[in-house]
Amino acid sequence: MVIRGCGIRRRYAVTWRRDTSPPTRTGMFFERVEIRTDSGGAGRFRGGCGLRRDIRFVSSGEFLSVIKKTRSAPWALAGGLSPEPNQVVVFPGTDREARVSTRRTAVVAGDRVSLLTAGGGGHGDPGLRDPEAVRRDVAEGYVSAEAAREVYGVDVDG
C-alpha cells in the first residue's frame with residue numbers, strides 16, 4: 001500500500017505468506033490504518049504525517065512492541081515545530097490503558113493496541129507557509145482547521 005500526502009511519500013506494508021491469512025496465522029486484525037491529522041511538525045515546509053494503526057487481537061498470545069523515539073520527538077529545523085513522538089497504547093479506552101515503548105504484553109481475544117507513529121519535523125517558520133498550501137492541507141485532512149488558525153494563522157472557515 002502506498003500512502004501519498006503530507007509532503008512525502010510513505011510505504012507501509014504488512015506482509016504474510018500467500019497460503020495463510022493474517023488473522024488466523026498471527027492472531028491480529030488491523031481494524032484501522034490511517035493518516036493522523038496534525039501529526040506532522042508545523043513549518044513553512046510541513047513535516048510528513050504519521051500513521052495510526054489499530055490492532056484487535058482475535059486470539060490469545062503475546063504482543064511484542066519494539067519501538068524507539070517514544071520519549072523524544074523528531075527534530076524540526078530552522079524554526080519549524082517538532083511533532084509528537086511515537087506512541088504505543090495498549091488496551092486503549094480501558095482501565096488498563098498504558099503507553100509503552102519496548103515491552104512484551106499478554107493479550108486475549110478482543111484486546112486492542114494502537115500504534116501512533118510520529119510525523120516529520122517542520123522546516124521554517126509556520127507563519128511563512130503559503131496560505132493556499134494550508135487550505136489544501138486542511139481539505140486533505142493533514143491539518144485541522146484549528147491548527148491552521150492557531151499555528152499557521154490561516155482562517156479556513158472564513
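Data for the structure
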read-out	value
Qualifying position, being basic (Lys, Arg) and touching a residue at least 60 places away in the same chain (Cβ under 8 Å), among Arg52, Arg71	Arg52
Residue in segment 25-42 that is touching a helix residue (DSSP H, G or I) at 6+ places or on another chain (Cβ under 6 Å), in a loop (DSSP other than H, G, I, E, B), modelled with pLDDT of 90 or more and within 24 Å of Arg129 (Cβ to Cβ) present	yes
Pick from segment 73-109, criterion within 15 Å of Gly47 (Cβ to Cβ) and among the small types (Gly, Ala, Ser), ranking: surrounded by the fewest Cβ atoms within 10 Å (Cβ to Cβ)	Ala78
Where a residue in segment 89-100 is farther than 11 Å from Asp111 by Cα and its partner, wherever it lies, is among the aliphatic types (A, V, I, L, M) and part of a loop (DSSP other than H, G, I, E, B), with Cβ under 9 Å and at least six apart	Val100/Ile67
Selection count where residues are open to solvent by 30 Å² or more (accessible area, probe 1.4 Å) and among the small types (Gly, Ala, Ser), scope segment 129-140	1
Segment 59-72, residues that are part of a loop (DSSP other than H, G, I, E, B), open to solvent by less than 60 Å² (accessible area, probe 1.4 Å) and hydrophobic (A, V, I, L, M, F, W, C)	Ile67
Scope segment 110-123; condition open to solvent by 10 Å² or more (accessible area, probe 1.4 Å), part of a loop (DSSP other than H, G, I, E, B) and not hydroxyl-bearing (Ser, Thr, Tyr); matching residues	Gly110, Asp111, Ala118, Gly120, Gly121
Complete set of residues in segment 65-98 that are of a type outside the set (Val, Ile, Thr), under 19 Å from the mean Cα position of the chain (by Cα) and farther than 30 Å from Tyr152 by Cα	Ser65, Phe91, Pro92, Gly93, Glu97, Ala98
Gly47, sole failed condition from (1) open to solvent by 20 Å² or more (accessible area, probe 1.4 Å); (2) at pLDDT 85 or above	(1)
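Per-residue answers, yes or no, for (1) more than 20 Å from Glu31 (Cα to Cα); (2) basic (Lys, Arg):
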| position | (1), (2) |
| --- | --- |
| Gln87 | no, no |
| Arg104 | yes, yes |
| Leu116 | no, no |
| His123 | yes, no |
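The values are calculated or read from the model by the stated rules, or taken from the named source; none is laboratory data. All values reported here derive from a predicted model rather than from experimental measurement. A quick note on method: Cβ atoms are made from the backbone with ideal geometry, for glycine too, and the neighbour counts reach across all protein chains shown. The area values use the complete protein model at the heavy-atom level, side chains included, leaving out ligands, DNA and RNA. Shrake-Rupley method; radii C 1.70, N 1.55, O 1.52, S 1.80 Å.
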